[in-house]
Structures are given as C-alpha cells and as structure tokens.
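Engineer: First the structure, which I've put down as structure tokens, then a few questions once you've had a look.
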Amino acid sequence: MKLFFVRHGETEWNVQKKIQGSADIPLNENGLRQARRLAEELKRQKLEGRFHPARVYTSPQLRAAQTAEFVAKALQIACVPCSGLREMDLGEWEGLNWDIIRESYGEVYTYWNEHRRYTHTPGGESYQEVVERTFTALEEILERETADMDILVVTHSAVLMALRCYLAGRPFEEMVKRYKTKNAEVVVIPAEEIREAAGRFYRGE
C-alpha cells in the first residue's frame, strides 16, 4: 500500500502570499484547473495499473475538499473528510505574509523560526501538534483500508512539510528549504514508512 499525498490547488491567498492556516479559502480559477489536471493524471495512472485507489481522504477545508472532489469523481471512488488532515492553525498570523510577520512580531517570530517544532504561533498550533494529529489520522485511515489498495490524502503545505521533515529525521527549521510542496503536487510515501514513523513519534523519538 502507498499513500499518495497531495497539496490542494492554488487559492488567491497563495497568489498574494497570505498565510491561510485555518482560514477557509476556496480554489481560484488556476487552482480549479490544477485540480482537474491532477484528476486526469491520477486517472491515467489508475488505468495504467500504477495507482490502485481505495478512497480519497481529505482535509475538510474548502480548498482541499474541492481538490479532492475532482479526483474522487474522476476515479469514481468515495471522498471522506478527515479533520486531522486540516492545515496548521497559525493564529494571529493568518491573513498576513511573512514579511509583515517578521516586521511586526520581531523577537517572537525569530524565536519561533529558530525553534519551530515545539513553539506555538501566537494563538495557534506548534508543528509538533500538527504531526501528532496527522499521524493519528493516518493510522486510523490505514486501519480501515486493505493492504492491496492505495490511498489518496489531500491536505496542506504545513502538514506535508512537517510530516516529511519528521519522516526524514531532519530539523524542522529546514522544512521550507527541503520539503515545500507545490499546489496540486503529489508525494508518494509507502504505508509501512508511515507506520514505522508513527511508532517512533509516539515513543518520543
């Protein structure tokens, strides 16, 4: 079994470089096109026998759900919302861009940037909390599905960066440089790698 992780399609806040977080922003026209192209590509992979989808699991936020619905319809499979896949809550920083945050939050931003795994954004989550709820969601998904099928997981940038950073054993301060995911990009991870990493995480490693 493989998990096909996808970041949602583009939104206007992506274009404007605004932090979305828990804000429920829809896809823009380009994002809708990206979702359609993604659906066509995954359908092609299914027909070629390279992708055996059981279900689509998606963050319930609109930009992810819209992306997932295009794919589910093309593949003729169910689309299941999963709250553990939602984007990181960035609290007071949502709706701003990183330049404004660096200027306005000064030392608070600097400390968070240098200790981002365990440090909360003002009024928001830490990456550690994001990884924990993501593993919880993924383990529940894996328990429901059979080993001979693949799973599509539609989620968000911060979720994917944090998860991939943990899987690779890299410092979270490197996540943007190493693991930033494009809109509608697919990242394939074997299910066993997820299970093994979840075990390490819950053992506090």
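Engineer: Over 27 Å between Cα atoms, which of LYS18/LYS43; LYS17/LYS43; LYS2/LYS180; LYS17/LYS46 qualify?
Structural biologist: Details: LYS18/LYS43 32 Å; LYS17/LYS43 31 Å; LYS2/LYS180 21 Å; LYS17/LYS46 34 Å.
Violating the 27 Å Cα-Cα cut-off are LYS18/LYS43; LYS17/LYS43; LYS17/LYS46.
Engineer: Once a ≥ b ≥ c are taken as the square roots of the eigenvalues of the Cα gyration tensor of region 19-107, is the result rounded (a/c under 1.5), prolate (a/b larger than b/c) or oblate (a/b not larger than b/c)?
Structural biologist: Numbers: a/c = 2.98, a/b = 2.34, b/c = 1.28.
Prolate, since a/c reaches 1.5 and a/b exceeds b/c.
Engineer: Using a 1.4 angstrom probe with every protein chain in place, what is the largest-first accessible-area order of ASP150, ASP89? Each step should come with its number before you reach the end.
Structural biologist: Working: ASP150 15, ASP89 50 Å².
Highest to lowest solvent-accessible surface, that is ASP89, ASP150.
Engineer: To the nearest 10 degrees, how steep is helix 62-75 against the longest Cα principal axis of the chain, on a 0 to 90 scale?
Structural biologist: With both axes taken from Cα atoms, the answer is about 10 degrees.
Engineer: Sticking with this one: With point charges of +1 on the Cβ of Lys and Arg and -1 on the Cβ of Asp and Glu, referenced to the Cα centre of region 104-173, which listed residue (THR110, CYS165, LEU138) lies farthest in the positive direction of the dipole?
Structural biologist: Farthest towards the positive pole: THR110.
Engineer: Here's a follow-up. Could you report the chain's accessible area per residue, 1.4 Å probe, as an integer in Å²? Intermediate results must be reported in sequence, preceding the final value.
Structural biologist: Values: 9820 Å² over 205 residues.
About 48 Å² of surface per residue is accessible.
Engineer: Turning to a different aspect of this structure: In debye, nearest 20, what is the charge dipole magnitude of region 32-160 about its Cα centre with +1 on Lys and Arg Cβ and -1 on Asp and Glu Cβ, if you could check? Numbers along the way, then the final one.
Structural biologist: Details: 16 positive and 21 negative charges, 162 e Å.
So the magnitude is around 780 debye.
Engineer: Another question, if that's okay. List the extent of the Cα atoms of the chain along each of their three principal axes, largest first, rounded to whole Å.
Structural biologist: 52, 43, 25
Engineer: Given the protein chains as shown and a 1.4 Å probe, how many square angstrom of GLU10 are accessible, to the nearest 10?
Structural biologist: Here the residue's solvent-accessible area equals roughly 40 Å².
Engineer: Further question on the same structure: Please list the non-local residues whose amide H lies under 5 Å from the amide H of THR58, H modeled 1.01 Å from N, same-chain partners needing a gap of 5 or more.
Structural biologist: VAL80, CYS82, VAL154
Engineer: Answer with one residue from GLY9, ASN30, LEU47: the one whose Cα lies farthest towards the positive end of the charge dipole of region 6-54, charges on Cβ with Lys, Arg +1 and Asp, Glu -1.
Structural biologist: Of GLY9, ASN30, LEU47, it is LEU47.
Engineer: Quick one: pull the percent of accessible area on the chain belonging to carbon and sulfur, 1.4 Å probe, ligands and nucleic acids left out.
Structural biologist: Details: 4790 of 9820 Å².
That share works out to 49 percent.
The values are calculated or read from the model by the stated rules, or taken from the named source; none is laboratory data. Everything numeric in this text was worked out from a predicted model, so none of it was measured. Virtual Cβ from ideal backbone geometry, glycine too; neighbours counted across all protein chains shown. Ligands, DNA and RNA are excluded from the accessible area calculation, which covers all protein heavy atoms including side chains. Shrake-Rupley method; radii C 1.70, N 1.55, O 1.52, S 1.80 Å.
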